[in-house]
Amino acid sequence: MNHRAMLPLLMAGLAFSFSACEREQRVFDPPQGAASAPKVRLGSLQPGQPMGTAGEKAPSLPATPYTFEGNAFAVSQGKRLYRWFNCSGCHAAGGGGDAGPPLSDDRWIYGGEPNNIFASIAEGRPNGMPSFGGHIPEDQLWQIVAYVRTLSGQLRKDVKPGRGDTLQASPPEASRQPGPPKGGKAMDGTEAR
Amino acid sequence: MIQVQDLEPAPAPRPPGNAVPPTQADRDALEHTWRDPQGFVGWFSAINHKTISKRFLLTTFGFFVAGGLIAVAMRLQLMRPANGLIGPDLYNQLFSMHGTTMMFLFAVPVMQAISIYLIPLMVGARSVAFPRMNAYAYWVFLFGGLMLYAAFLLNIGPDAGWFSYVPLAGPEYAPGKRVDFWAQLVTFTELSALLEAIVIITTVFKLRAPGMALNRIPLFVWAMLVTAFMVLFAMPSVMLASTGLIMDRLVGTHFYNPAQNGDALLWQHLFWFFGHPEVYLIFIPGLGFLSAIIPTFARRPIFGYTAMVLSLIATAFLSFGLWVHHMFATNLPEVGKSFFTAASMLIAVPSAVQIFCWIATLWTGRLNLKLPMLFVLAFFFILVLGGLTGVILASVPLDLQVHDTYFVVAHLHYVLLGGAVFPLAGAVYYWYPKFTGRLMNERLGRWNFWLFFIGFNLAFFPMHLLGLKGMTRRVYTYPAEMGWGMLNFTATMGALLIGASVMLFAINLWRSRTRGQPAGPDPWGGGTLEWATASPPSAVNFEAIPVVYGRDPVWETADHPPSRPEAVAGLATTAREQLVTSVLDAQPDHRQQFPQPTPWPFISAGATSALFIGSIFTPWAVVWGAVPVAIALTIWFWPRHDETAVNVALEKSA
Amino acid sequence: MKGILRGAVRAVQPVFAGALIAAAFGLQAQPQDVLAPAGPQAAHIQSLWNLTVVVCSIVFAAVLGALVYVLWRRPRADISALPDLSVHMKPESAAMRSVGGAVVASVLLLLLLIVASVLTDRALAHLSLRDALHVQITANQWWWEARYDDEQASNVFTTANELHIPAGRPVIFSLRSNDVIHSFWVPNLHGKKDLIPGRTATLQLQADRPGVYRGQCAEFCGLQHSFMALRVVVESQAQYEPWAQGQRQPAPEPNDESKQRGRDLFLGTSCAMCHAIQGTDASARRGPDLTHLASRQTIAAGTLHNTPDNLARWIRNPQQFKPGANMPATNLSDDELKALVAYLVSLS
């Protein structure tokens, strides 16, 4: 055996195995944050019965870190919740946008980092985005965040879900690349690039 | 005008041929010609069928032990109700790995492996047809199995069962790459099985000793021939199914997506069209083992040879018409299902013919109850019981109650272990002296047998009752109030006994290599041609290929007229030459040069594996991975000057 | 002598097996038992089972008997004994007749079983469906939704995991799946039927004997396939009607502060995102309908008995009982949980 070939092979193997470890993990019982409501709500809508905010003394959401960037199970759970909680009702099933802005392009009105997306979902946003904080447990929120990021082609290819067992109007997330912004003016009045 | 002879290089002298009986010089030359190359690279270059077969057997035995350990883990979890030893995720991976290992990595490959050793010896050939492809098939199999277990150890083991029903195994409900590794394992093992089938068919059809007409070949060879044809028709179905699954998951096709005019049942049809013949692929070689062992230990030729052959062929044909009995609980039309009930019951008839013929052989023979016969007798008990529960399952109403319960688990283990593993164990005890030159220990063997027999029945008989009492399959635990605890505990005890017996078997295999009683060429007094070779056979198997006049050539050589030819003289001793004969009557046709050892099958298998494994992650691997495969195959097949020179010399001689 | 012993041991095995089977028959009928039919469909199947087992046992005994005879009475030989090649010369007529006769007998017995099976199929299909109840079952990972259909739309109601059916009245189950393949199986009443996404299957059965029967999903459907049970309560029409009427009513209003607080928590935290309670704003269908949760004997698809304690522990962390289930843990405080459970316990 060629010894010089061993080291890169070993590194590739280790890299593969570490990525495999993370992608395939199934954590059924992730730690929950202590807080159960966001500190502020920036939208007037809430699903179900409106409940209050956490107040000044409570720690602000999120209480737990985002760990799902490389986890295929969490992303697939997020995809299920995206449909269950009717995100597709405003953002469309493939994230193309409808009443709500598209999630499949690389334009993020309120920021596209995981923390930003989390805040947008938990706090709600003006002009129609409901505030889900306290209505969706934190670990599920992070799952949705991970899935939303796949809609715009982020996350590693092997982590992103393939096609769903539904009508498919858009390419599977696994084959998406980050795309240019869609549509005309943004909500804040700026033009799409 | 240019003469053809002017263009060619001067021919080399024709290599000398063997004499009848072969001289010591012949033997030495043939040993030198046909042996495996030495050294590190030589180890990867070996293409002798016995070498490949031994590696193959060791590998499949390793997978058997791995699958068995997984089963023990499952049984330990199910030993008590509400047991917390193994959680649902790991348990799903365990039963998927157990099924996949036993069905794809053990049951069919071990039969092909043992037949790769025995068929050339039984038909009087010096090697298999296509020895390099044989080696390639082994390496592909090994790499596929290693890939699966590496995946399992990395938490990417399949978790949707060995049958991966969609939509559970589809892209939406099976996230990650677990099912993709399963689907590619199928590709590996099916490629290997298809290639081995081609090797077996060609060897049986074209490389038989002169005079060994098709109605004189041993029943074991018939069984493997029939199995090989079944492989050719069954494996493509599962390759198609798994390719569709890979494509659904990787590139977003809709074969199994009901919302876009795909069909979840399409998977079941394609899979079971393979899956049902698959179990006969495992069962029929077991029948072949019995037909080889029983005549030897009943001291008479088998009763009803023609009926036995026709039964094998009928079983093979019928087995392709049963697959829907795995789908009786779906909403397919009821009248159609009744057809499959009739077919599933009637396939018992050819198997019954075989069993009655064996009993007739034993009834009219004189019995020698050595160890291989014990395993044969166990077959009659276990397989017949399993076959009868199969008749129960063939009926739609009965199946609707016991389908997907432990009743089916009991049935399948009774037929697979009774019909294949027990005969296989008997076959190992029977042919071990041929492979190694030493007998296995009889006393240890009897302990092995009884532990296996008792452990097996203790483990699997209670499962019939569990199924009738409502316990479904693939559950990682069950509530205490169901009353299933005692039967499950008993089954676990049986499983542990089986484990102990397999350990004894392994110890016996290992120790007998050095401490077993030396065996001559024919320790059991068998009648087929393999017992005419040395134990273990020399590299060339037959220094002089015998001429065959009956079904039990070794028994029949005793009284024959001295005028008739006994063996073939004149085949080259310093080149790898074999006699190719006609398909039906084995009349000599021509002489064929066979290839030299080469490492390129190994390298090609590596390139193929890289292509398969890469295509789990990206479809471009099929394109870019084809390049090294094409290069390796080209180098493999590129003619070599020295081989061509020898070939020309062989052709040109008068 | 050894041969006789071996033969005897082999002969004893089926007797032992038969004893086990007899013991199984005689055991107290469990609520999920193939051999304890409570309705005509399961009874037809049991009749076929009895016939088939008798035929198969006879065949098994015959084959083993032949083997025992061979082991007991046939001469022995060792490897030095010359093989008997004279069989090539003479036709073995006695053996041919015996084998031929055995094959003919096998074919006839198999034909008998085929005919019996087809006749049983017909009997199963000929269940009278007059005045049948229509129930639509939708399987989910890992629970059962049951919608009782009616000509009058206002009589339609939905429940989950626990079915009540009137004794002596046929029920037509229409079977669908929302996700993967499941299988509906209540062995005391009928064989199973797979629920396949994209297809609607039908199962027709009738329960004659009142009692509580257990069913279980019988097609591997993922992480919690083991805990996807179904409870079928068969009761007289006089008991069934009030139950059905009760199920049609909306949830009772909370009558004290604790229950009121519980309802506010239900609607204001994550419960209402997945569960419906008729009579409130919660109308999501992602989890079981909880309108009459307190009327059920078990929760979590038969996993736990329906007691306030179990309910509290289930809500606190379902993953403790069904790891991988779709219901997340909740992080309510102890007081909040107490109030929520008080409300849920009032939903009879």
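The values are calculated or read from the model by the stated rules, or taken from the named source; none is laboratory data. Quick caveat, the model's predicted, so the values are computed rather than measured. Quick reminder, even Gly has a Cβ in these numbers, built from the backbone with ideal geometry, and neighbours come from all protein chains shown.
Quick grid of which residues meet (1) among the hydroxyl-bearing types (Ser, Thr, Tyr); (2) loosely packed, with under 15 Cβ neighbours inside 10 Å:
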position	(1), (2)
C:Ser93	yes, yes
C:Arg97	no, yes
C:Leu111	no, yes
C:Ala116	no, no
C:Asp121	no, no
C:Leu124	no, no
C:Thr138	yes, no
C:Glu151	no, yes
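Kindly evaluate A:Pro181 against the criterion of being in contact with a strand residue (DSSP E or B) (Cβ under 6 Å, 6 or more places away or on another chain) and away from every other protein chain (no Cβ under 14 Å).
yes
Please go through the range A:43-78 and pick out each residue that is surrounded by fewer than 19 Cβ atoms within 10 Å (Cβ to Cβ), modelled with pLDDT of 85 or more and either more than 12 Å from chain C (Cβ to nearest Cβ) or in contact with an Asp or Glu (Cβ under 9 Å, 6 or more places away or on another chain) (or both).
If the condition is that a residue be surrounded by fewer than 19 Cβ atoms within 10 Å (Cβ to Cβ), modelled with pLDDT of 85 or more and either more than 12 Å from chain C (Cβ to nearest Cβ) or in contact with an Asp or Glu (Cβ under 9 Å, 6 or more places away or on another chain) (or both), then A:Leu45, A:Thr64, A:Pro65, A:Tyr66, A:Thr67, A:Glu69 are the ones that fit.
Could you tell me whether A:Gln140 is under 14 Å from the mean Cα position of the chain (by Cα), within 14 Å of chain B (Cβ to nearest Cβ) and either modelled with pLDDT under 90 or not in a loop (DSSP other than H, G, I, E, B) (or both)?
No.
Results for (1) surrounded by fewer than 24 Cβ atoms within 10 Å (Cβ to Cβ); (2) within 14 Å of chain C (Cβ to nearest Cβ); (3) among the hydrophobic types (A, V, I, L, M, F, W, C); (4) touching a helix residue (DSSP H, G or I) at 6+ places or on another chain (Cβ under 7 Å), shown as yes or no for each residue.
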{"position": "B:Gly170", "(1), (2), (3), (4)": "no, yes, no, yes"}
{"position": "B:Tyr173", "(1), (2), (3), (4)": "yes, yes, no, no"}
{"position": "B:Leu191", "(1), (2), (3), (4)": "yes, no, yes, yes"}
{"position": "B:Val204", "(1), (2), (3), (4)": "no, no, yes, yes"}
{"position": "B:Met230", "(1), (2), (3), (4)": "yes, no, yes, yes"}
{"position": "B:Ser237", "(1), (2), (3), (4)": "yes, no, no, yes"}
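When the range C:62-91 is examined, which residues are found to be loosely packed, with under 15 Cβ neighbours inside 10 Å, within 23 Å of B:Val384 (Cβ to Cβ) and among the hydrophobic types (A, V, I, L, M, F, W, C)?
Matches in the range C:62-91: C:Ala62, C:Trp72.
Looking only at the range B:354-371, which residues are assigned to a helix (DSSP H, G or I) and facing chain C (nearest Cβ under 8 Å)?
Within the range B:354-371, B:Ile355, B:Phe356, B:Cys357, B:Ile359, B:Ala360, B:Leu362, B:Trp363 qualify.
What's the number of the only condition in (1) under 25 Å from B:Leu377 (Cβ atoms); (2) facing chain B (nearest Cβ under 7 Å) that C:Ser117 fails to meet?
All conditions pass for C:Ser117, except number (1).
Just wondering, is there one or more residues in the range B:317-339 that are closer than 30 Å to A:Gln168 by Cα, among the acidic types (Asp, Glu) and surrounded by fewer than 21 Cβ atoms within 10 Å (Cβ to Cβ)?
no
From the list B:Phe381, B:Phe407, which one is more than 7 Å from every other protein chain (Cβ to nearest Cβ), at pLDDT 95 or above and touching a Leu at 6+ places or on another chain (Cβ under 9 Å)?
The unique qualifying residue is B:Phe407.
Considering the range B:297-327 alone, what residues qualify as being within 12 Å of chain C (Cβ to nearest Cβ), in contact with a Phe, Trp or Tyr (Cβ under 7 Å, 6 or more places away or on another chain) and assigned to a loop (DSSP other than H, G, I, E, B)?
B:Met327
How many residues does the range A:95-134 contain that are over 14 Å from the mean Cα position of the chain (by Cα) and away from chain C (no Cβ under 14 Å)? Can you show your working first?
Within the range A:95-134, the first condition is being over 14 Å from the mean Cα position of the chain (by Cα), and the residues that meet it are A:96-101, A:107, A:109, A:123-131, A:133-134.
This time we only want the ones that are away from chain C (no Cβ under 14 Å), so: A:96-101, A:107, A:109, A:123-129.
The total comes to 15.
Any residue that is surrounded by fewer than 14 Cβ atoms within 10 Å (Cβ to Cβ), out of contact with any Asp or Glu (no Cβ under 8 Å at 6 or more places or on another chain), hydrophobic (A, V, I, L, M, F, W, C) and away from chain A (no Cβ under 14 Å) - is there at least one of those in the range B:637-652?
The answer is yes, given that some residue of the range B:637-652 is surrounded by fewer than 14 Cβ atoms within 10 Å (Cβ to Cβ), out of contact with any Asp or Glu (no Cβ under 8 Å at 6 or more places or on another chain), hydrophobic (A, V, I, L, M, F, W, C) and away from chain A (no Cβ under 14 Å).
Quick one: which of B:Asn155, B:Asn134 is more than 21 Å from C:Pro197 (Cβ to Cβ), in contact with an Asp or Glu (Cβ under 9 Å, 6 or more places away or on another chain), polar (S, T, N, Q) and facing another protein chain (nearest Cβ under 8 Å)?
B:Asn155
Determine the pairs where a residue that is closer than 24 Å to C:Gln141 by Cβ, located within the range C:152-170, has a partner that is part of a strand (DSSP E or B) and among the hydroxyl-bearing types (Ser, Thr, Tyr) with Cβ atoms under 8 Å apart, the partner being 6 or more residues away or on another chain.
Here the result reads C:Phe157/C:Tyr148; C:Thr158/C:Tyr148; C:Thr159/C:Tyr148; C:Asn161/C:Thr298; C:Glu162/C:Thr298, each pair linking the range C:152-170 to a residue that is part of a strand (DSSP E or B) and among the hydroxyl-bearing types (Ser, Thr, Tyr).
It is to be established whether one or more residues within the range B:208-217 are away from every other protein chain (no Cβ under 14 Å), in a helix (DSSP H, G or I) and within 27 Å of B:Thr598 (Cβ to Cβ).
No; the residues of the range B:208-217 include none that is away from every other protein chain (no Cβ under 14 Å), in a helix (DSSP H, G or I) and within 27 Å of B:Thr598 (Cβ to Cβ).
Grab the helices (runs of 4 or more DSSP H) fully contained in the range B:1-85, keeping just those with 2 or more residues being among the polar types (S, T, N, Q), surrounded by 17 or more Cβ atoms within 10 Å (Cβ to Cβ) and modelled with pLDDT of 95 or more.
Correct list: B:49-78.
Residue by residue, here is whether (1) over 24 Å from the mean Cα position of the chain (by Cα); (2) buried (at least 18 other Cβ atoms within 10 Å of the Cβ) holds:
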residue: C:Asp281; (1), (2): yes, no
residue: C:Thr291; (1), (2): yes, yes
residue: C:Ala301; (1), (2): no, yes
residue: C:Ile315; (1), (2): yes, yes
residue: C:Ala342; (1), (2): yes, yes
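Would you say B:Phe452 is within 14 Å of chain C (Cβ to nearest Cβ), assigned to a helix (DSSP H, G or I) and surrounded by 23 or more Cβ atoms within 10 Å (Cβ to Cβ)? Full working, then the answer.
Numbers: within 14 Å of chain C (Cβ to nearest Cβ): no; assigned to a helix (DSSP H, G or I): yes; surrounded by 23 or more Cβ atoms within 10 Å (Cβ to Cβ): yes.
It is false that B:Phe452 is within 14 Å of chain C (Cβ to nearest Cβ), assigned to a helix (DSSP H, G or I) and surrounded by 23 or more Cβ atoms within 10 Å (Cβ to Cβ).
Within the range C:159-178, how many residues turn out to be over 16 Å from the mean Cα position of the chain (by Cα) and either of a type in the set (Phe, Trp, Tyr) or outside any strand (DSSP E or B) (or both)?
Residues that pass the stated criteria total 4.
Please enumerate the residues belonging to the range B:328-353 that are at the interface with another protein chain (Cβ under 8 Å from one of its Cβ atoms) and not in a helix (DSSP H, G or I).
Result: B:Ala329, B:Thr330, B:Asn331.
Determine which member of the set B:Arg591, B:Arg564, B:Arg551 is in a strand (DSSP E or B) and charged (D, E, K, R).
B:Arg591 is the lone residue from the list that is in a strand (DSSP E or B) and charged (D, E, K, R).
Looking at B:Leu374, B:Leu412, B:Leu393, B:Leu388, which is the one that is at the interface with another protein chain (Cβ under 7 Å from one of its Cβ atoms) and part of a helix (DSSP H, G or I)?
B:Leu388
Scan the range C:96-136 residue by residue and report those that are over 19 Å from C:Gln46 (Cα atoms), charged (D, E, K, R) and without any contact (Cβ under 8 Å) to a residue 12 or more places away in the chain.
Scanning the range C:96-136 gives a single hit, C:Arg97.
What helices (runs of 4 or more DSSP H) lie completely within the range C:228-321 and have 3 or more residues being touching a residue at least 12 places away in the same chain (Cβ under 8 Å) and touching a Leu at 6+ places or on another chain (Cβ under 7 Å)?
Numbers: elements: C:237-248, C:257-268, C:308-316.
Helices (runs of 4 or more DSSP H) meeting the threshold: C:257-268, C:308-316.
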